[in-house]
Amino acid sequence: MPLPLATLQSSLRALFRGTDSPAGYPLTAVDAGTRWANAYAGYASSAVAAPTLPTPADITAAGGVLATALGSAFTAALGAASPYYPTLVSSMVSAFAVFWPSVHFLAPGVVGVAVSPAAAALTTSLTNFFVAGNPTSGPGPSSDSEANSLGSILHTWTTTVLVTNTPVTGTPTTVPLA
């Protein structure tokens, strides 16, 4: 099954509505980081780098690292001078960039290693996302619109992650996540 954009967007919509947890909206930056990471790791668990699949334990571990990094990113942004988003974007890009290289991909007789794409595209997309979400006048986008947009940004970036699959015998191949 290809990476499910709709699943990521749905998880983010629930988070942005405050319905992803009985506690409602995240009360702290750390809680927000954990919940954003849970949404992404749940989505990432469906990745395929044919013929390999990510190992569930590595997805869980990478999700934990992402949660900590995003919690720190949100905390740093709260303490940043206006505009806060350059601090947030830089930290978020760093957090997502370390997710995939820590995940091993396996299939019978094949081991895959992921490499995150360059940060530039994700940096630009997230900057545009945060600027658009904070208009200086008039109403901002709805939480559903924001969730769908962020999901699309992360999905587009994720599908540019490359995995080099190395068989026990034969030639390695490099494929994008799907």
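The values are calculated or read from the model by the stated rules, or taken from the named source; none is laboratory data. All of these numbers come straight from a predicted model, not from anything done at the bench. Virtual Cβ from ideal backbone geometry, glycine too; neighbours counted across all protein chains shown.
Going through Arg35, Arg13 one at a time, which residue ends up being among the basic types (Lys, Arg) and either in contact (Cβ under 8 Å) with a residue 40 or more places away in the chain or surrounded by fewer than 21 Cβ atoms within 10 Å (Cβ to Cβ) (or both)? Spell out the reasoning first.
Values: Arg35 fails: either in contact (Cβ under 8 Å) with a residue 40 or more places away in the chain or surrounded by fewer than 21 Cβ atoms within 10 Å (Cβ to Cβ) (or both).
Result: Arg13 is the single residue among Arg35, Arg13 that is among the basic types (Lys, Arg) and either in contact (Cβ under 8 Å) with a residue 40 or more places away in the chain or surrounded by fewer than 21 Cβ atoms within 10 Å (Cβ to Cβ) (or both).
For segment 81-96, which positions are crowded, with 17+ Cβ neighbours inside 10 Å and either of a type in the set (A, V, I, L, M) or part of a loop (DSSP other than H, G, I, E, B) (or both)?
Leu88, Val89, Met92, Val93, Ala95
Those residues that are loosely packed, with under 14 Cβ neighbours inside 10 Å and either under 22 Å from Gly151 (Cα atoms) or touching a strand residue (DSSP E or B) at 6+ places or on another chain (Cβ under 9 Å) (or both), I need them from segment 103-114; list them, please. Give the derivation first.
Going residue by residue through segment 103-114, those that are loosely packed, with under 14 Cβ neighbours inside 10 Å are 108-109.
Gly109, the sole residue that qualifies.
For every residue, the table says whether it meets (1) under 24 Å from His104 (Cβ atoms); (2) modelled with pLDDT of 95 or more; (3) touching a Ser or Thr at 6+ places or on another chain (Cβ under 8 Å).
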{"residue": "Glu146", "(1), (2), (3)": "no, no, no"}
{"residue": "Ile153", "(1), (2), (3)": "no, yes, yes"}
{"residue": "Thr158", "(1), (2), (3)": "yes, yes, no"}
{"residue": "Asn165", "(1), (2), (3)": "yes, yes, yes"}
{"residue": "Thr171", "(1), (2), (3)": "yes, yes, no"}
{"residue": "Pro176", "(1), (2), (3)": "yes, yes, yes"}
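Confirm whether Pro22 is part of a loop (DSSP other than H, G, I, E, B) and in contact with a helix residue (DSSP H, G or I) (Cβ under 7 Å, 6 or more places away or on another chain).
Details: part of a loop (DSSP other than H, G, I, E, B): yes; in contact with a helix residue (DSSP H, G or I) (Cβ under 7 Å, 6 or more places away or on another chain): no.
Answer is no for this residue.
Mind telling me which of the residues Arg35, Arg13 ends up being in a helix (DSSP H, G or I), touching a Leu at 6+ places or on another chain (Cβ under 8 Å) and either farther than 22 Å from Ser102 by Cβ or of a type in the set (Lys, Arg) (or both)? Even if it seems obvious, please write down each step before you answer.
Working: Arg13 fails: touching a Leu at 6+ places or on another chain (Cβ under 8 Å).
Of the residues listed, the single one that is in a helix (DSSP H, G or I), touching a Leu at 6+ places or on another chain (Cβ under 8 Å) and either farther than 22 Å from Ser102 by Cβ or of a type in the set (Lys, Arg) (or both) is Arg35.
From the list Phe129, Phe105, which one is among the aromatic types (Phe, Trp, Tyr) and part of a helix (DSSP H, G or I)?
Answer to the check: Phe129.
Mind checking which pairs have a first residue in segment 138-160 that is under 12 Å from Leu15 (Cβ atoms) and part of a helix (DSSP H, G or I) and a second that is hydroxyl-bearing (Ser, Thr, Tyr) and at pLDDT 95 or above, Cβ under 6 Å, 6 or more apart or different chains?
Qualifying pairs under 6 Å: none.
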